[in-house]
1. Has segment 155-162 got at least one residue that is touching a residue at least 60 places away in the same chain (Cβ under 8 Å) and in a helix (DSSP H, G or I)?
2. Among the residues of segment 90-137, which ones are without any contact (Cβ under 8 Å) to a residue 60 or more places away in the chain and among the charged types (D, E, K, R)?
3. List, please: which pairs have Cβ atoms under 7 Å, are six or more places apart or on different chains, and start with a residue in segment 143-154 that is assigned to a helix (DSSP H, G or I) and end with one that is not aliphatic (A, V, I, L, M)?
4. Looking at (1) over 27 Å from His14 (Cβ atoms); (2) without any contact (Cβ under 8 Å) to a residue 24 or more places away in the chain, which is the one condition that is false for Asp85?
5. Does Asp85 meet the test of being part of a helix (DSSP H, G or I), in contact with a helix residue (DSSP H, G or I) (Cβ under 9 Å, 6 or more places away or on another chain) and not small (Gly, Ala, Ser)?
6. In segment 11-67, which residues are part of a loop (DSSP other than H, G, I, E, B), open to solvent by 40 Å² or more (accessible area, probe 1.4 Å) and either farther than 18 Å from Leu185 by Cα or of a type in the set (Asp, Glu) (or both)?
7. Among (1) in contact with a strand residue (DSSP E or B) (Cβ under 9 Å, 6 or more places away or on another chain); (2) in a loop (DSSP other than H, G, I, E, B), there is one condition Thr174 misses while meeting the rest; what is its number?
8. Return the only residue of Gly79, Gly101 being closer than 26 Å to Lys29 by Cα and at pLDDT below 95.
Amino acid sequence: MRIGLLGGSFDPVHSAHLLLASTALSELKLDQVQLIPAGQPWQRPPLGASATERLEMLRLALGETPGLNVNSVEIDRNGPTYTIDTLESLPEGPEYFWILGADQLENFCTWRQWKDIVSRVQLVVAQRPGSELIAPPELAAWLQTHNKRLIHLPFQPLNVSASEIRQRIARGETTVDHLPEAVALYITAHGLYRQHSS
């Protein structure tokens with residue numbers, strides 16, 4: 001089994017997340033991609049939607065899409081979210097591919113036990129607007145020493161972000177181009193992000 005892992009706050013999940021997951025699934029010939037919503041991401045400000053709401057939006061966004069699944073391991077676990085804890089909780093056997101954006105790659109060496117993380121997975125990086133696909137020197141040196149490589153995912157990034165979507169919703173503007181319809185309806189029905197402009 002070849003399993004892609006795409007973590008994030010998904011606050012809310014949007015079209016770029018889904019395109020990234022689908023691209024990884026096909027380009028890397030994975031059996032599945034698991035989208036993992038963060039419980040309490042320690043490097044991020046407080047989130048606009050609750051863990052339960054973000055989980056439900058992900059489930060609505062994915063629907064019955066073949067090969068894309070939600071993994072709630074980080075939400076099910078209490079306390080701050082650390083990637084290494086997530087990886088240690090996964091079943092042994094499959095080959096795991098950790099998918100991240102170029103913006104996350106820049107600070108990857110600040111992640112808790114980053115060397116343990118990269119020893120457990122294949123790192124896959126995708127282009128993000130304003131970020132370069134270059135591994136930090138410390139990571140590049142580790143990969144070379146351990147005969148591992150950084151996989152570059154062919155991906156044309158969409159110019160969309162969750163923070164921009166939250167700002168649009170707070171201003172009462174449309175987000176129809178950036179959200180799956182079921183997610184947009186859920187946000188409206190539950191009045192999410194109306195008070196959040198960050």
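The values are calculated or read from the model by the stated rules, or taken from the named source; none is laboratory data. Remember, predicted model here, so these are calculated numbers, not experimental data. Reconstructed Cβ throughout: ideal geometry from the backbone, glycine too, with neighbour counts over all protein chains shown. The area values use the complete protein model at the heavy-atom level, side chains included, leaving out ligands, DNA and RNA. Shrake-Rupley method; radii C 1.70, N 1.55, O 1.52, S 1.80 Å.
1. yes
2. If the condition is that a residue be without any contact (Cβ under 8 Å) to a residue 60 or more places away in the chain and among the charged types (D, E, K, R), then Glu92, Asp103, Glu106, Arg112, Lys115, Asp116, Arg120, Arg128, Glu132 are the ones that fit.
3. Filtered contacts from segment 143-154: Leu143/Arg149.
4. Among (1) over 27 Å from His14 (Cβ atoms); (2) without any contact (Cβ under 8 Å) to a residue 24 or more places away in the chain, Asp85 violates only (1).
5. Working: part of a helix (DSSP H, G or I): yes; in contact with a helix residue (DSSP H, G or I) (Cβ under 9 Å, 6 or more places away or on another chain): yes; not small (Gly, Ala, Ser): yes.
In short, yes.
6. Just the residues of segment 11-67 that are part of a loop (DSSP other than H, G, I, E, B), to begin with: 11-14, 28-31, 38-40, 42-50, 63-67.
So of that shortlist, the ones also open to solvent by 40 Å² or more (accessible area, probe 1.4 Å) come out as 29, 31, 40, 42-47, 50, 63-66.
Within segment 11-67, Lys29, Asp31, Gln40, Trp42, Gln43, Arg44, Pro45, Pro46, Leu47, Glu64, Thr65, Pro66 qualify.
7. Among (1) in contact with a strand residue (DSSP E or B) (Cβ under 9 Å, 6 or more places away or on another chain); (2) in a loop (DSSP other than H, G, I, E, B), Thr174 violates only (1).
8. Details: Gly79 fails: closer than 26 Å to Lys29 by Cα.
Unique residue meeting the criteria: Gly101.
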